[in-house]
Amino acid sequence: MIESAVDYETLTAEKLVDEVVRNAQRGSVCFTSSFQTEDMVVLDLLRKRVPDVPVIFLETGYHFKEVIDYRDRMVKEWGLNLVNAMPATTKEEHEKQFGLLYIVQPTQCCQIRKVEPLMRSLEPFDWWFTGLRREQSPTRAGLKKVENHTTPTGKHMKKISVLADWTWNDVTKYAEEHGIPQLELYARGYTSIGCEPCTAIPEAGADPRSGRWGGKKLECGIHTFSEKS
């Protein structure tokens, strides 16, 4: 990876994407997406510069049907290079072994069906783009636009959160101005969308991610498994 002397925190989202793409070797950039609006904004910025950027989707087997339909629609309309990161077991095999693990041990369920597939999928890359924002959750308030991370395997990479300082209004404004269709679940009141059994509509005025995992936790683990360095 090429180090840059630029202060990443001072860059706009567009300029930050430009800077990373300029420094990155071909094939060293990836993006993880749950196809929420933040992700679609980052993806819109990325695909204009790296049309074949791998878009890693964690196919847990528990997603809303609406998410899968929207994913497939956008893959077709935008010609995306989709990479479905699959767990080692099918949903049926998983439940035969563990039962409804998302109820009794949600963290272990996330580890098996999200974190482990993600770690395998990230191995070929040096630059990992995300749609994370500081406003989303108290656990993300200290997020930096570019962070050095080391995975449990010892893999060193840079994690890029180009929308770190954006508000939800910034996100929706960009999406509207650029004609990005929105996942229909937002219109029903969902503000943070993950696996269907673990996602609820939050109470009015509550943290956007408070509807995840019955309020018992705010992160599935895919953004906490790696060590900042």
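The values are calculated or read from the model by the stated rules, or taken from the named source; none is laboratory data. Everything quoted here is computed from the prediction, not taken from an experiment. Don't worry about glycine lacking a Cβ; one is built from the backbone with ideal geometry, like all the others, and counts go over all protein chains shown. Remember, those area values only see protein heavy atoms, side chains included, never the ligands or the DNA or RNA. Shrake-Rupley method; radii C 1.70, N 1.55, O 1.52, S 1.80 Å.
Using a 1.4 Å probe over the heavy atoms of the protein chains, calculate the carbon and sulfur portion of the accessible area of the chain as a whole percent.
The nonpolar share, carbon plus sulfur, comes to 51 percent.
Using a 1.4 Å probe, what is the accessible area per residue for the stretch 1-89, in Å²?
45 Å²
Going down the list Lys48/Lys145; Lys48/Lys173; Lys65/Lys91; Lys76/Lys114; Lys48/Lys155; Lys114/Lys155, which pairs span over 22 Å between their C-alpha atoms?
Lys76/Lys114; Lys48/Lys155
I'd like the antiparallel share, as a percent to the nearest 5, of DSSP beta bridges with both residues in the chain.
Bridges in the chain are about 40 percent antiparallel.
Between His94, Cys30, Met40, whose Cα lies farthest towards the positive end of the dipole of the chain when Lys and Arg beta carbons carry +1 and Asp and Glu beta carbons carry -1, centred on the Cα centre?
His94
Scan around Thr199 for amide H atoms under 5 Å from its own, H built in the peptide plane at 1.01 Å from N, and keep only partners 5 or more places away or cross-chain.
The answer is Trp213.
If I build a Gaussian network model for the chain, linking alpha-carbon pairs within less than 10 angstrom, which residue out of Leu100, Leu163, Leu183 has the largest mean-square fluctuation?
Of the options given, Leu100 has the highest mean-square fluctuation.
Given H placed on each backbone N at 1.01 Å, which residues far from Leu58 in sequence or on other chains put an amide H within less than 5 Å of it?
Ser33, Ala85
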